[in-house]
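Since the structure comes first, as structure tokens, the remarks are kept for the end.
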Amino acid sequence: MRYADFDQRLACLGALPVHRGRVVRVWLDGQALDSGTRRRLSEHFLPRALREAVPALTMELDGLARIRSEHAGSDGSRLLVELADGQMVESVLLPRDGLCVSTQVGCAVGCRFCMTGKSGLIRQVTSMEILAQVVLARRLRAVRKVVFMGMGEPAHNLDNVLEAIDLLGTEGNIGHKNLVFSTVGDLRVFDALPRQRVKPALALSLHTTKAALREHLLPRAPKIAPEELIALGEKYARDTDYPIQYQWTLLKGVNDGDDELDAVVRLLKGKYGVLNMIPFNSLEGDDYQRPDSERIREIVRKLHSRGVLTKVRNSAGQDVEGGCGQLRARAVAAAQGVELRRRPLAKPEVA
């Protein structure tokens, strides 16, 4: 189901735009569809046909997604969400009322350090399934920020993602700067986002300053040079007045050398953005490792001292073995009788 389908369903029940907007707002807030206002009961303003259809509509919306399991960690809870067809995605309740949602089941980019990418793309997540992840989270606690950084590449599901962003930024009561669109650098994003009435903040997966290494690490990402990606991000940041978030998964001996730090300073100093260093979340059998704690702190100190705002962002859920894609992978592996284990980690680093 896409939102346009649901909206048409409401219209066929005699709901005017004001009624349809009300129904969508209360659903996105995690409330019952026929919730009244502080001054009026729903029977005083919703059409009778719509009120009579509320049980069936509620059942249909509740069937979009359900929480299969919840894994509480020190940095928030990771939710394994089962969709109507049995496929699974992950959502993460982040600190400070944030939520990370998934936009695809699997992912086609195939990043070599990403568990989600190992499964390939299975299917798109519809706009209503994306919104349903927000609804499920809001039934647990407040959500004031939504980041599209979960499973999948949002640019590969652009229509559904933009539709969800538009609804969250209009009817969902979330500030536009608190909607964050993450991408590996698909050029369609830089064409589409400036034309939206709801313009989200942007996060760009950089991971290295070396074009050849980036093509190796992100084998099916657009072949765009880091310099060009940064230039496009800087333009969007200046036009929207939202700083860009540059994402960098730290891989020991791969992209944590001083040569990379020198290039980062050259490319990002003076830019309107922040560099998020994400230490790699190791699984047994992986070809990569995370740098040790002291090296991570040293990287942050060096970049800060040279004028590049840098933060350490551990992948949420690592202490419950629930880094991005791992819960789904474990559930799938369990169904196949395979054990998936994570390498022991040192204590989380603090910037």
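The values are calculated or read from the model by the stated rules, or taken from the named source; none is laboratory data. It should be emphasised that the depicted structure is a prediction, and the values quoted were computed from it without experimental measurement. Cβ sites come from the backbone with ideal geometry, for glycine too, and all protein chains shown count toward neighbours. Ligands, DNA and RNA are stripped out before the accessible areas are found, and what is left, the full protein with its side chains, is counted by its heavy atoms. Shrake-Rupley method; radii C 1.70, N 1.55, O 1.52, S 1.80 Å.
What pairs come up if the first residue lies in the stretch 43-55 and is more than 19 Å from Gln31 (Cβ to Cβ), the second is assigned to a helix (DSSP H, G or I) and open to solvent by 90 Å² or more (accessible area, probe 1.4 Å), and their beta carbons are under 9 Å apart, counting only those six or more places apart or on different chains?
Cβ pairs passing all conditions: Ala49/Cys12.
Ala142 passes all but one of (1) touching a strand residue (DSSP E or B) at 6+ places or on another chain (Cβ under 7 Å); (2) surrounded by fewer than 24 Cβ atoms within 10 Å (Cβ to Cβ); (3) part of a loop (DSSP other than H, G, I, E, B); which number fails?
(1)
For the stretch 147-165, give me each residue that is open to solvent by less than 30 Å² (accessible area, probe 1.4 Å) and closer than 21 Å to Thr249 by Cα.
Val147, Phe148, Gly150, Met151, Gly152, Glu153, Pro154, Ala155
Would you pick out the residues in the stretch 1-37 that are open to solvent by 80 Å² or more (accessible area, probe 1.4 Å) and not in a helix (DSSP H, G or I)?
The answer is Arg2, Leu16.
Within the stretch 166-175, can one find any residue that is closer than 29 Å to Leu251 by Cα and either β-branched (Val, Ile, Thr) or in contact (Cβ under 8 Å) with a residue 12 or more places away in the chain (or both)?
No, the stretch 166-175 has no match at all.
Please identify the pairs in which a residue from the stretch 253-273 that is modelled with pLDDT of 95 or more has its Cβ atom under 9 Å from the Cβ atom of a residue that is assigned to a helix (DSSP H, G or I) and among the basic types (Lys, Arg), counting only partners at least 6 apart or on another chain.
Asp256/Arg295; Asp258/Lys302; Leu261/Lys302; Val265/Lys302; Tyr272/Arg238
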